[in-house]
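Participant: Shown below is the structure under consideration.
Where a number appears in this text, it was derived from the coordinates with a stated rule and is not lab data. Since this is a predicted model, take the numbers as computed values, not measurements. Ideal geometry is used to build each Cβ from the backbone, glycine not excepted, and the neighbour counts take in all protein chains shown.
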Amino acid sequence: MKLIMENWNNFLNEKIEPDGDGPLGKYVFPSQKLPKEKDDIYLKDTIEPNTEIEEKLQALVISHFQDKDTPLPRNATTAILKMIQDNNYPNIFRAYDQGKVYRGMVLSKEIFQKLFGDLPKESKWYTAPINWIAGKSVKNKVDLPFSPTSKPSYSPGMDTHAGSFVSSWASSFKAAKIFATNEANAQGGIPIVLTADAASNTFIDADPLYKEFLFAWGFREEAEKIGVGDINLESITVYKPMDIGDGNTVSSGGWV
């Protein structure tokens, strides 16, 4: 019987290509993998048990996608960055280091000025007709970076968790804008979209997670790129405010 099971496991390992090699074994989160073949779903638990670090990391990554109040904590982020650096699982964990990234937010006028200085002057129809029609203005000189400590969910004492380490961005300007304007319509405030260059900052690409794992697949339209640490900004696009508010930052909902 033992020999039969060994042969069966060898067959499974040959049939399902390993993800790489490193602290998570040959397969990353096998019980969460989306099936590539009709019978894959029945094979996951027999491929390879999770390592101790894998069990903890899986729970933290799942929480990041499924619970807006528990973003990826510092220890999980550090572990993923180390695996990216060591090229352990290149098709699962990888950096996003080319192109623009965007973050939609809603701020009051006072908080915007505190974080980024003066609001850009409102676009005029005779100098920037496209921006004027779209109801937006652009601040092209941003001296201060975006810091995760500026997030609505941040509070003192969170620095050892996720409070000053990660933030959610998108590779789609449209996705960031829709989020910001929807939040402003619901809660008031000034909808803004931050723009950064991925090459000059640190981002973890969520695309492979959307493609490989059940826990992330349903969030694929968010096109998330996980920003690590302070993010240097290229510009801030500001849309006409819905409601200036009372000086407090308006909640950013599912964005962290």
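Participant: Using the basic label-point model (7 angstrom from Cα toward the beta carbon), what is the residue 59 to residue 127 distance in nanometres?
Facilitator: About 5.6 nm separates the two model spin labels.
Participant: Quick check on my link table: of 26/177; 26/68; 82/174; 82/225, which ones sit more than 28 Å apart, alpha carbon to alpha carbon?
Facilitator: Values: 26/177 39 Å; 26/68 30 Å; 82/174 31 Å; 82/225 17 Å.
Beyond 28 Å between Cα atoms: 26/177; 26/68; 82/174.
Participant: Whole-Hz Karplus ³J(HN,Hα) for region 179-188, in order, using 6.51 cos²θ - 1.76 cosθ + 1.60 and θ = phi - 60°, x for Gly and Pro?
Facilitator: Values, residue by residue: 4, 4, 6, 5, 5, 5, 4, 7, 10, x Hz.
Participant: Would you calculate the volume per residue, in Å³, of the smallest convex hull containing every Cα atom of region 173-247?
Facilitator: Looking at region 173-247, the number lands at 122 Å³ per residue.
Participant: With each pseudo-label sitting 7 Å past Cα toward Cβ, what's the residue 178-residue 68 distance in nm, one decimal?
Facilitator: Computed distance between label sites residue 178 and residue 68 equals 1.6 nm.
Participant: For region 139-145, take each phi angle, set θ = phi - 60°, evaluate the Karplus expression 6.51 cos²θ - 1.76 cosθ + 1.60, and give the result in whole Hz per residue in order, putting x for glycine and proline.
Facilitator: Once rounded to whole Hz, the list reads 9, 8, 10, 10, 7, 9, x.
Participant: 5 Å is the cut-off here: which amide hydrogens, built 1.01 Å from N in the peptide plane, fall below it relative to residue 48, excluding neighbours closer than 5 in sequence?
Facilitator: The answer is none.
Participant: Measure off 7 Å from each Cα along the Cα-to-Cβ vector at residue 86 and residue 235, then give the distance between these two points in nanometres to one decimal.
Facilitator: Label at residue 86, label at residue 235, 4.1 nm between them.
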